[in-house]
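Notes to accompany the following structure.
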Amino acid sequence: DQQVKQNSPSLSVQEGRISILNCDYTNSMFDYFLWYKKYPAEGPTFLISISSIKDKNEDGRFTVFLNKSAKHLSLHIVPSQPGDSAVYFCAASGDQTGANNLFFGTGTRLTVIP
Amino acid sequence: DAGVTQSPTHLIKTRGQHVTLRCSPISGHKSVSWYQQVLGQGPQFIFQYYEKEERGRGNFPDRFSARQFPNYSSELNVNALLLGDSALYLCASSLGGLDEQYFGPGTRLTVT
């Protein structure tokens, strides 16, 4: 079963505007959430993370919001740039055995139009 | 510093064969994790090794095995290959705790 879901397979945004990527999860034991960006022929690259004790984390143009009651997180990119065009994966961790394994969503392909 | 490296970059195998994939972590990283990414899906966790011991295992059959060497590099072995094993196999390294994992470029396995 898919414990992390990204329901939008693709998103197109004009350069300079805000990109909002959404992610939902079902496992209430998840306590750490990450966003990765992936270009073709490369492995995922870590972008930003948030612990379950916070509801917002900001790093430059990237901000992640966490709504624990709704089991929802979102990534905001402001302003969007053409170089941001990539597949974005939401991931979660919180394996109670102590393993550092990540549960990934299926990804959202972001296209920033110049 | 070099990032996570994986070899080979891609390979083609026949059903029933065996395959070994290799991964070298970032220097200083003691944890290596393996993920399988099927086309159109997100990566799925297979194994984590930390200090040469298995720390976690995902929902994969016993045909999948792995090990970590004293220099923290790792091998993923898959026996009796099936067509459904065709995927991008990603290796990720981390310092060891619940921190960010750094991914290699992956090995593209095609089973015919």
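Derivation of every value follows stated rules applied to the coordinates shown; laboratory data play no part. Being a predicted model, the structure only gives us computed values, none of them experimental. Positions of Cβ are generated from backbone atoms using ideal geometry, with glycine treated the same way; all protein chains shown enter the neighbour counts.
Can you give me the pair-distance distribution of region B:3-112, C-alpha pairs, 5 Å bins, whole percents?
2, 14, 25, 27, 19, 9, 4, 1
Sequence neighbours fewer than 8 away in the same chain don't count; with that in mind, list the lysines whose C-alpha is under 17 Å from A:K71.
Those lysines meeting the cut-off are A:K5, A:K54, A:K56.
With +1 assigned to the C-beta of every Lys and Arg and -1 to the C-beta of every Asp and Glu, and no other charges, what is the dipole magnitude of the protein assembly as shown about the Cα centre in debye, to the nearest 20?
Computed about the Cα centre, the dipole is about 400 debye.
If you take the Cα Rg of chain A and divide it by 2.2 N^0.38 Å, with N the number of residues, what do you get?
Cα Rg divided by the expected 2.2 N^0.38 Å: 1.02.
Amide H to amide H under 5 Å from A:E15: which residues, 5+ apart in sequence or cross-chain, H placed 1.01 Å off N in plane?
Amide H to amide H, under 5 Å and 5 or more residues apart or across chains, A:E15 pairs with A:I113.
Using a 7 Å offset from the Cα along the Cα-to-Cβ direction at both B:F60 and A:I53, what is the distance between the two label points in nm, to one decimal?
With each label point 7 Å from Cα toward Cβ, the separation is 3.3 nm.
Using alpha-carbon pairs under 8 Å, 6+ residues apart, how would you state the relative contact order of chain A in percent?
37 percent
Where Rh denotes the Kirkwood radius from the mean inverse Cα pair distance, what is Rg over Rh for the protein assembly as shown?
With Rh from the inverse mean 1/r over Cα pairs, Rg/Rh is 0.97.
Determine ³J(HN,Hα), in whole Hz, for all residues of region B:35-41 in sequence, where each value follows from phi through the Karplus function 6.51 cos²θ - 1.76 cosθ + 1.60 and θ = phi - 60°; x replaces Gly and Pro.
Result, rounded to whole Hz: 9, 10, 10, 7, 3, x, 10.
Please give every one of the aspartates and glutamates within straight-line cross-link reach of A:K68, meaning a C-alpha to C-alpha distance under 13 Å, and leave out same-chain neighbours fewer than 8 residues apart.
A:D24, A:D31, A:D55
Set Lys and Arg Cβ to +1 and Asp and Glu Cβ to -1, take the dipole of the protein assembly as shown about its Cα centre, and tell me which of A:L11, B:Q17, A:Q81 lies farthest positive.
B:Q17
Taking the C-alpha atoms of region A:1-51, how large are the radius of gyration and the largest Cα-Cα span, Dmax, in Å?
Values for region A:1-51 (Cα only, Rg and Dmax): 13.1, 37 Å.
When only C-alpha pairs under 8 Å and at least 6 residues apart count, what is the relative contact order of chain B, in percent?
37 percent
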